[in-house]
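A short write-up of the structure that comes next.
The values are calculated or read from the model by the stated rules, or taken from the named source; none is laboratory data. Please read all numbers here as calculations on a predicted model, not as lab measurements. Every residue, glycine as well, gets a Cβ built from its backbone with ideal geometry; the counts of neighbours run over all protein chains shown. Remember, those area values only see protein heavy atoms, side chains included, never the ligands or the DNA or RNA. Shrake-Rupley method; radii C 1.70, N 1.55, O 1.52, S 1.80 Å.
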Amino acid sequence: MKKLSSVLPAIILLFSTLSPSFLTSAPTVDAAGTTNVVISEIAWMGTSKSYSDEWIELYNNSGTDVILDGWQLNAADGAPAITLSGTIPANGYFLLEKTDDQSVSNIPADLIYSGSLGNDAEDLKLIDPSGAVMDEVDTWYAGDNTAKATMERIDPNVAGMSSTNWASATASYADGLGTPKAFNSTGTDGSGSVEDPGGGTTTPPPTNNVCDDRTQHINNVSEAEGAMNVYFNKCAFPQYASAGNEANYNVNFEDILIKRLNSATKSIDFATYEINLPRVVDTLIQKAAQGVDVRVIADSKDAADPHYAERFETMRLHLEKMVRGKDMKIGTADDIVVFSDSPMFAVEDSAKRTSLGLPASADDIAQVTVTVGTTAETGRLFVNAESKAAGSYFGPGNQMHNKFAVIDDRWVFTGTWNFTVTGLYGTDENMQQGILDGNQNQIVEINWPQLAGIYETEFNEMWGTSALNPDPVVSNFSSRKTDNTTHVIDINGKKVEIYFSAGDNAVGKMADVIRDEAQFNTYFTIFAWSDQKIADELKNKWEGSYNDLEGTLTGFDVKGLFDSDFFNQWWSASVDMTGRTASQTSVNNPNTRWKNPAPVYADAEVRKLHSKTMLIDVDTNSDPTTIVGSTNWSNNGNNVNDENMLIIHDAAITNQFVQEFNARYTQAGGTIQ
């Protein structure tokens, strides 16, 4: 039985020298002599199910699809000899499985091959249609036959023949250790964050509480069913990690999202409050062109609101690109269907249109006059919406504030991050340079079909149907929705709760968790918090009283951060928690002051603290829990906007979140004891 260990080095080297024709008719080689397509991972040792379940993964390190037709991947001794065909998506993966599609459980193969790989060194060559050797790997530089850990490439921009560019996988998947069709557990995106075989990075973690590391760290990622992957776009303090549980931080969320979208083979349901990231838009368009069913729900902004006017125009231009599809023509098979809570009209400024690659004129979109809210509006309507009656729609005053995607009825991608330039990079210039100076955010992706089904139920309620085209008459957004989903599920022994707004009383469930389950501590980072019930339950935990300026410290630990824009707003919970007298009060915000001010602070972020996250009983044996999602802790977040919230009962996930919390808290002036 020949194992893939001897073949991988040859493959990797072969890909590392590929030229651009591999992308079209001939491979493309960059200035460093490497190619855009590389061998990314090899299971030369097989899997925990069978030593014969070998597989090879290719990675496309470019923004262009790569056509593999006519290429070959051959071992020097003649087996395997693989004739390649098909396409690797931009920034995507191509999975070759030996003999059948069961070598990797639950992940469809892109190509099935025959011929075994040896456990000893073997020479593999990637050969283009002209017969030129484009990449080669001559030995196995990593991988573990006992642990069934694959050999992973560290940096796609470094040659495959470099022994230091390979490491043994550290992340689990269903059949061993590895990351089939996913970001390598020991890898980097090419920006210089190179991890060592032990899962750490070549830059040692900080020994003090200073956020001076901007290198991307990918430490804990899995593709296995039940996987919960958490990512932070700002720094974290791994010295607070439990054993083997270092967080993923300084992460480019756009890359993670694109890779997840590119894994789709059947369907993508995409709910976005706002979107203006060209690469994400182009990826959705590409997937639709490949035959994947792509449905998009986007929030309709009030175009008359100066806060949104320019951004909303930009978003509508990007959404129109989706509606037109890859061929830029309305009404063809590659179009993406976009739907909203209120209708959207095309931007008709020709300069703005052509700047994003749209036709100068939108005259192929019918002009209509409809009622939006109580106002008659005329324009070229290209995004339909929930209908009140024929020709009549709800106004854009409420917010479809979700930011989630459901991929192939399996993966749920969600969190606090809006899919925008400011949400991740801060500016267009930063985006061009890959500098993550945007708002502070967190994302979570979970591989669990039951959870995906719950999110699809919520999506379909807004969409009006489970079909590819929406039903505006049946559609319901905001307070018109009903509580129609399962709220508590078990994911491989871990309790996860799911609540949607409006209708599920998500913020009320938070208060219940604090009152009934919190025993030792609660830490939070929050953008906007006006809900009194949560603040009161925390007050009682902190000082044993619900009453104004009354209480004695109980020993319960509270720490937290508020976005600085809202820290001094009269309605903010920060005013109560610091014992201050509010400038005004209301029935819902009576200013119940804490007698013993809690150590809570305004954030010190470059931009917004966009988190909506609470951690309960961190690093204890009392059910450590993370609450995260799009929901701000307010009446609008609970009863008006369309939102989603996860309550994850898991010590490891909560420990990863506290690594990031400690960095934010220390940066703002707090003290970690």
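Filter the range 441-471 for residues that are more than 14 Å from the chain's Cα centre (by Cα) and of a type in the set (Asp, Glu); which is surrounded by the most Cβ atoms within 10 Å (Cβ to Cβ)?
Glu458
For the range 133-175, which residues satisfy the criterion of being over 15 Å from Met45 (Cα atoms), among the β-branched types (Val, Ile, Thr) and open to solvent by less than 40 Å² (accessible area, probe 1.4 Å)?
Correct list: Val137, Ile154.
Check whether at least one residue in the range 347-366 is part of a strand (DSSP E or B) and in contact with a Phe, Trp or Tyr (Cβ under 9 Å, 6 or more places away or on another chain), and report yes or no. Full working, then the answer.
Going residue by residue through the range 347-366, those that are part of a strand (DSSP E or B) are none.
No, the conditions are met nowhere in the range 347-366.
Looking at (1) touching a strand residue (DSSP E or B) at 6+ places or on another chain (Cβ under 9 Å); (2) assigned to a loop (DSSP other than H, G, I, E, B); (3) under 24 Å from Lys259 (Cβ atoms), which one does Asp100 not meet, given that it meets all the others?
Asp100 satisfies every listed condition except (3).
Of the conditions (1) open to solvent by 40 Å² or more (accessible area, probe 1.4 Å); (2) modelled with pLDDT of 80 or more; (3) charged (D, E, K, R); (4) over 23 Å from Ser105 (Cα atoms), Asp120 clears all except one; give me its number.
(2)
Scanning the range 62-84 for residues that are open to solvent by less than 60 Å² (accessible area, probe 1.4 Å), over 21 Å from Asp123 (Cβ atoms) and in a loop (DSSP other than H, G, I, E, B), which turns out modelled with the highest pLDDT?
Gly70
Filter the range 25-61 for residues that are open to solvent by less than 30 Å² (accessible area, probe 1.4 Å), assigned to a loop (DSSP other than H, G, I, E, B), of a type outside the set (S, T, N, Q) and modelled with pLDDT of 80 or more and give the result.
The answer is Trp44, Met45, Gly46, Asp53, Glu54.
Taking only the range 637-673 into account, find how many residues are among the hydrophobic types (A, V, I, L, M, F, W, C), assigned to a strand (DSSP E or B) and over 30 Å from Asp212 (Cβ atoms). If you could, list the steps in order and put the result at the bottom.
In the first step, residues of the range 637-673 are kept if they are among the hydrophobic types (A, V, I, L, M, F, W, C); the result is 640, 645-648, 651-653, 657-658, 661, 663, 668, 672.
Within this subset, residues satisfying the condition of being assigned to a strand (DSSP E or B) are 645-648.
Next cut, over 30 Å from Asp212 (Cβ atoms) only: 645-647.
Count: 3.
Report whether or not Glu456 is closer than 30 Å to Phe562 by Cβ and of a type in the set (Asp, Glu). Don't jump to the end; show me each part of the working.
Working: closer than 30 Å to Phe562 by Cβ: no; of a type in the set (Asp, Glu): yes.
Criteria not met by Glu456.
With Ile330, Ile336, Ile407 as the choices, which residue is open to solvent by 10 Å² or more (accessible area, probe 1.4 Å) and either under 26 Å from Ile268 (Cβ atoms) or more than 27 Å from the chain's Cα centre (by Cα) (or both)?
Ile330
Going by the structure shown, is Ala362 of a type in the set (Gly, Ala, Ser), more than 29 Å from the chain's Cα centre (by Cα) and open to solvent by 50 Å² or more (accessible area, probe 1.4 Å)?
No; evaluated as a whole, the condition is false for this residue.
For the range 261-319, which positions are hydrophobic (A, V, I, L, M, F, W, C), at pLDDT below 95 and assigned to a helix (DSSP H, G or I)?
Going residue by residue through the range 261-319, those that are hydrophobic (A, V, I, L, M, F, W, C) are 261, 264, 268, 270-271, 275, 277, 280-281, 284-285, 288-289, 292, 294, 296-298, 303-304, 309, 312, 315, 317, 319.
Filter again for at pLDDT below 95, leaving 303-304, 309, 312.
Within the range 261-319, Ala309, Phe312 meet the criteria.
Which residue, of Thr613, Thr620, Thr626, is among the hydroxyl-bearing types (Ser, Thr, Tyr), out of contact with any Gly (no Cβ under 9 Å at 6 or more places or on another chain), modelled with pLDDT of 95 or more and closer than 23 Å to Asn250 by Cα?
Thr626
Looking at the range 235-258 only, could you name the residues that are farther than 24 Å from Ile435 by Cα, part of a helix (DSSP H, G or I) and out of contact with any helix residue (DSSP H, G or I) (no Cβ under 7 Å at 6 or more places or on another chain)?
Gln239
Considering only residues of the range 529-563 that are open to solvent by 20 Å² or more (accessible area, probe 1.4 Å) and aliphatic (A, V, I, L, M), which is farthest from the chain's Cα centre (by Cα)?
Per the criteria, the residue is Leu549.
Rundown of residues vs (1) in contact with a Lys or Arg (Cβ under 9 Å, 6 or more places away or on another chain); (2) of a type in the set (A, V, I, L, M, F, W, C); (3) modelled with pLDDT of 95 or more, yes/no style:
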position	(1), (2), (3)
Phe520	no, yes, yes
Tyr523	yes, no, yes
Trp529	yes, yes, yes
Ser545	yes, no, yes
Glu550	yes, no, yes
Val558	yes, yes, yes
Phe567	no, yes, yes
Ala582	yes, yes, yes
